[in-house]
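These notes concern the structure reproduced below.
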Amino acid sequence: MKTTTQTTKEDIILKAENLYFSYDDENSHSLNGLSLEIKRGHKVAFMGANGSGKSTFFLCCNGIHRPSSGTLYFNGEPIDYSKKGLLDLRAKVGIIFQDPDNQLFSASVYQEISFGILNLGVSEEKAKEEVEQVIDYLEITPFRHKPTHALSGGQKKQVSIADILVMHPEIIILDEPAAALDPKHTTMVNHIIDRLTDEGITVLMSTHDVNYALEWADDIFLFKDGKVLMQGTPIEVFSNQSALAETNLEQPAVLQLFHSLCRKGILKSSLPLPRNLSVLEKYIEEINNQPFYGGKELMNQENHKAILVVSFGTSYEATRKVTIEAIEKDIANAYPDYKLYRAWTSKMILAKLKKRDNLHINNVKEAMEEMIADGITDVIIQPTHVINGIENELMKEDALSYRESFHSIRFGTPLLTSEEDNQTVINAIAEEFSYLSEEEVLVLMGHGTTHYSNAIYAALDYAFKDKGHPNIFLGTVEAYPSMQSLMKMIKAYAPKKVVLAPFMIVAGDHAKNDMAGDDPESWYSQFVQEGFQVETVLKGLGEYKGIRELFVKHVADTLQ
């Protein structure tokens, strides 16, 4: 892809100069003085209302239609409409029609794909080699010998693309490629298109899907009344509300949501416009890292910095030392200029420690008051919570009630906040249990919550398998995935051994009782009852070096 701002003659693969075309003896024009230039290797979306001239222009591009006036250039040369010239053109500019039945005519898939390349005069041996490569590339092998009329819509689209691709075109034109396809086959076709563009083929596509065009295209042409109403980058075109209205198009959903969040003051309008939901999600995630400025002005006053590590807590001293205290120690070592404070959020655990051990540990409000008394001006609050659930939200509310007493308050994120976090946790756990064979499974027990953030557990269970660890399963005590869900999947896997471990920062009551206890309802007992050999590992996530390093990184992220 060229990155220079100036366009040279060699950059232009296709050029239309004042094209006119009519279907009804010049009473009206489907192309009405159309002029445009297509850059080599670009992904170009053509958009506009039905009847605006998109399909007619495509049919002109490979010589099926000949403009009544004007000139169409391919690789800098006017199109040659002789028989040989059109044959050469159609080998280099291929069209995949909206309805593949208008394109497919051979008896079998293999014959269909072979037809075009054999007509180019290629030897049968060379043609066979090329056809086999395309069949493999587009994953057509399972239905290669089927009759074309027996294929599904998605399979017909695959074969239509193979027809063109086997001839090594420089341009592929797709007229509404997702038309009449279900979501599964639409995704499949879009994946094929991405592979084509990665190889440098110029792809022209007509589509009404503004969301897809925003993310996919390099350039967009808006057609109206047989000519170009507007052209530009996706951001330029989709930011022009009047042009969209003239072509019966709406602004992509991600831009509508972005502008709405800006109007509400949640996001800054100075941010670059997002082209997909992933970018917008990152903008929203970064809100957590933005400091809250309070009522204390520093002016000539020296600032005093602190880090408050907030944990759920545990009544087990031994596991506290190797988890919560280990995390706190690693954070303190990484930031020696910051004074470290501790707070726990579980009222039940705090009360139990006070009564049983006469041990007082601050809750969040008490920790904030202690820092005020110590003259702390700027604080980073780093939770050791696994997800951004109810505990984390209540913690932030308690802390921000003291914002007027501090110059700034910054919040680090819980363990599982971003896709990068998920991958880091997967790697840490996979490394910890790398000794397990494929015939053994690791079953992780998370806590679970009624909060919407609980969805991360099911997503992470899938991610373990997607990242190459089919023998790692994640469930929860109090939500989904439940023990019943896990049992079905593990029975289907049929392992020789089940290893149980907590997916919690500390190996506390849930790990010792609900997971590894002798009660008939414990996970250990349920797996034993089903005939599995079971081993329990009472090791909290806070004991894993990779997990502690991730919390240290989250502190660092607050300072970016």
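Taking interchain pairs and intrachain pairs at least six residues apart, which have beta carbon atoms under 8 angstrom, with the first residue in region 71-87 and closer than 19 Å to Glu17 by Cα and the second surrounded by 15 or more Cβ atoms within 10 Å (Cβ to Cβ) and of a type in the set (Phe, Trp, Tyr)?
Correct list of pairs: Ile79/Tyr73.
Restricting attention to region 137-151, and to residues there that are more than 16 Å from Arg195 (Cα to Cα) and either open to solvent by less than 30 Å² (accessible area, probe 1.4 Å) or within 28 Å of the chain's Cα centre (by Cα) (or both), which single residue is modelled with the lowest pLDDT?
Only one residue fits best here, namely Thr148.
Just to be sure I understand, how many residues within region 460-471 are surrounded by 13 or more Cβ atoms within 10 Å (Cβ to Cβ) and part of a helix (DSSP H, G or I)?
Qualifying residue count for the region: 5.
Please work out which residue is farthest from Leu249 (Cα to Cα), limiting yourself to region 37-55 and to residues that are outside any loop (DSSP other than H, G, I, E, B) and open to solvent by less than 10 Å² (accessible area, probe 1.4 Å).
Among them, the one singled out is Ile38.
Would you check which residues across region 338-351 are within 24 Å of Glu393 (Cβ to Cβ) and surrounded by fewer than 19 Cβ atoms within 10 Å (Cβ to Cβ) and list them?
Answer for region 338-351, where residues must be within 24 Å of Glu393 (Cβ to Cβ) and surrounded by fewer than 19 Cβ atoms within 10 Å (Cβ to Cβ): Leu340, Arg342, Ser346, Lys347, Met348, Ala351.
So is Ile505 assigned to a helix (DSSP H, G or I), at pLDDT 95 or above and in contact with a Phe, Trp or Tyr (Cβ under 9 Å, 6 or more places away or on another chain) or not?
When the stated conditions are applied, Ile505 does not pass them.
Answer yes or no as to whether Phe551 is more than 30 Å from Ala332 (Cβ to Cβ), at pLDDT 95 or above and open to solvent by less than 30 Å² (accessible area, probe 1.4 Å).
No; evaluated as a whole, the condition is false for this residue.
Say whether the condition of being acidic (Asp, Glu), modelled with pLDDT under 80 and surrounded by 13 or more Cβ atoms within 10 Å (Cβ to Cβ) is met by at least one residue in region 240-262.
Looking through region 240-262, none of the residues is acidic (Asp, Glu), modelled with pLDDT under 80 and surrounded by 13 or more Cβ atoms within 10 Å (Cβ to Cβ).
Kindly indicate the residue of region 204-237 that is closer than 21 Å to Asn75 by Cβ and crowded, with 22+ Cβ neighbours inside 10 Å and also nearest to the chain's Cα centre (by Cα) among those meeting that condition.
Only one residue tops the list, namely Met205.
Residues in region 410-425: is at least one free of Cβ contacts under 8 Å to residues at least 40 places away in the same chain, open to solvent by 10 Å² or more (accessible area, probe 1.4 Å) and either under 29 Å from Ala556 (Cα atoms) or in a helix (DSSP H, G or I) (or both)?
Taking every residue of region 410-425 in turn, at least one turns out to be free of Cβ contacts under 8 Å to residues at least 40 places away in the same chain, open to solvent by 10 Å² or more (accessible area, probe 1.4 Å) and either under 29 Å from Ala556 (Cα atoms) or in a helix (DSSP H, G or I) (or both).
Using beta carbons and a limit of 6 Å, which pairs, at least six apart or on different chains, have the first residue in region 459-486 and touching a residue at least 12 places away in the same chain (Cβ under 8 Å) and closer than 17 Å to Ser522 by Cβ and the second one open to solvent by 10 Å² or more (accessible area, probe 1.4 Å) and assigned to a loop (DSSP other than H, G, I, E, B)?
Val477/His447
Go through region 238-252 and count every residue that is in a helix (DSSP H, G or I) and over 22 Å from the mean Cα position of the chain (by Cα).
Final tally of qualifying residues: 6.
Answer yes or no as to whether Phe58 is part of a helix (DSSP H, G or I), under 23 Å from Gly76 (Cα atoms) and open to solvent by less than 20 Å² (accessible area, probe 1.4 Å).
Yes: the conditions hold for Phe58.
Could you grab me the full set of residues in region 438-449 that are part of a loop (DSSP other than H, G, I, E, B), touching a residue at least 40 places away in the same chain (Cβ under 8 Å) and surrounded by fewer than 20 Cβ atoms within 10 Å (Cβ to Cβ)?
Glu439, Thr449
Here are some residues: Asn454, Asn362, Asn392. Which one is open to solvent by less than 20 Å² (accessible area, probe 1.4 Å), within 25 Å of Asp509 (Cα to Cα) and free of Cβ contacts under 8 Å to residues at least 40 places away in the same chain?
After applying the criteria, what remains is Asn392.
Kindly establish whether Lys512 is basic (Lys, Arg) and in a loop (DSSP other than H, G, I, E, B).
So Lys512 does not fit the description; no.
Among the residues of region 325-338, is there at least one that is more than 36 Å from the chain's Cα centre (by Cα), at pLDDT 95 or above, farther than 13 Å from Val379 by Cα and assigned to a loop (DSSP other than H, G, I, E, B)?
yes
So, Val499, is that one of a type outside the set (Ser, Thr, Tyr), out of contact with any helix residue (DSSP H, G or I) (no Cβ under 7 Å at 6 or more places or on another chain) and modelled with pLDDT of 95 or more or not?
Yes; evaluated as a whole, the condition is true for this residue.
Would you check if Gly85 is modelled with pLDDT under 95, open to solvent by less than 50 Å² (accessible area, probe 1.4 Å), farther than 20 Å from Glu176 by Cβ and among the small types (Gly, Ala, Ser)?
Judged against the criteria, Gly85 is a match.
The values are calculated or read from the model by the stated rules, or taken from the named source; none is laboratory data. Since the model is a prediction, treat every value here as computed from it, not as a measurement. Glycine gets a Cβ as well: all are built from the backbone with ideal geometry, and neighbour counts include every protein chain shown. Areas reflect the complete protein model, heavy atoms only, side chains present, ligands, DNA and RNA absent. Shrake-Rupley method; radii C 1.70, N 1.55, O 1.52, S 1.80 Å.
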